[in-house]
Amino acid sequence: MYRLFLNTSPPGGVNSTPDYRLDCSIATVSANVCRKQMPASSTKALAGLRIAVGVLFLIFGEYKVVGTQFTLGGGFQSWIGRFLQDGAYPFMVPVLKNFVLPHATPIAFLVAYGELAIGIALVLGILVRLASICGVIYMLSLLLSANYPGPHAAFWQYFGASLEHLVLALCFAAFAFTKPGELLSIRTYLRSLRSV
């Protein structure tokens, strides 16, 4: 994990003994740790999870893009109304009322096509990190808009109330910090065709 440097160039042109140094800097140590490969079974499991979450998002986005009920028929606005009625975090209420609802149609299209794009990226294994970062942001915004358990809830109830969005946010975080797009992806398949 540590690198040993050998400096054989003498200072001032005079022969001297070699200088042995051990590079133990944080950057070197963390870079070497991050370069280690995950076991094949973990990589396959993460790739399978990536594809499964991608299929879910394809389903979520498909009905919103193909039909017009969500984007143009008031479906998005009804969801925001439910969020406001059933339990948005208090600091999200003004955002939902004063920003999201007045711009409901463009945001509805952003949600619909964003879900579809995340699904396509995860299933095909392209731009996985970018799609995952967008997915984390999206899931956290949904969590804060819909899963407030109340001001007097026990600490653990905040997690219990947010499971539907928190689990997907954690999946996206795992995809963003690893490289699950390298296995079972269209890019890997195309590279293998070129090498043949």
- Item | Candidate set: region 126-160, residues that are among the hydrophobic types (A, V, I, L, M, F, W, C) and in contact (Cβ under 8 Å) with a residue 60 or more places away in the chain; chosen: the one surrounded by the most Cβ atoms within 10 Å (Cβ to Cβ) | Val128
- Query: Only one residue in Phe5, Phe91 is among the aromatic types (Phe, Trp, Tyr) and either outside the structural domain of Ser141 (by TED's automatic domain parsing) or modelled with pLDDT under 85 (or both). Which one?
  - Reply: Phe5
- Task: For region 63-79, enumerate the residues that are of a type in the set (A, V, I, L, M, F, W, C) and either free of Cβ contacts under 8 Å to residues at least 40 places away in the same chain or loosely packed, with under 14 Cβ neighbours inside 10 Å (or both).
- Result: Val66, Leu72, Phe76, Trp79
- Message: On the basis of being among the aromatic types (Phe, Trp, Tyr), in a helix (DSSP H, G or I) and either modelled with pLDDT of 55 or more or on the phi < 0 side of the Ramachandran plot (or both), does Tyr20 make the cut?
- Response: no
- Item | Residue match in region 178-186 (condition: within 22 Å of Leu84 (Cα to Cα) and surrounded by 17 or more Cβ atoms within 10 Å (Cβ to Cβ)) | no
- Message: Name the residue that is nearest to Leu143 (Cα to Cα), counting only residues in region 52-104 that are among the small types (Gly, Ala, Ser) and part of a loop (DSSP other than H, G, I, E, B).
- Response: Ala88
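The values are calculated or read from the model by the stated rules, or taken from the named source; none is laboratory data. Since we're looking at a predicted model, the values are computed, not measured. With ideal geometry, Cβ positions are generated from the backbone for all residues, glycine too; neighbour counts draw on all protein chains shown.
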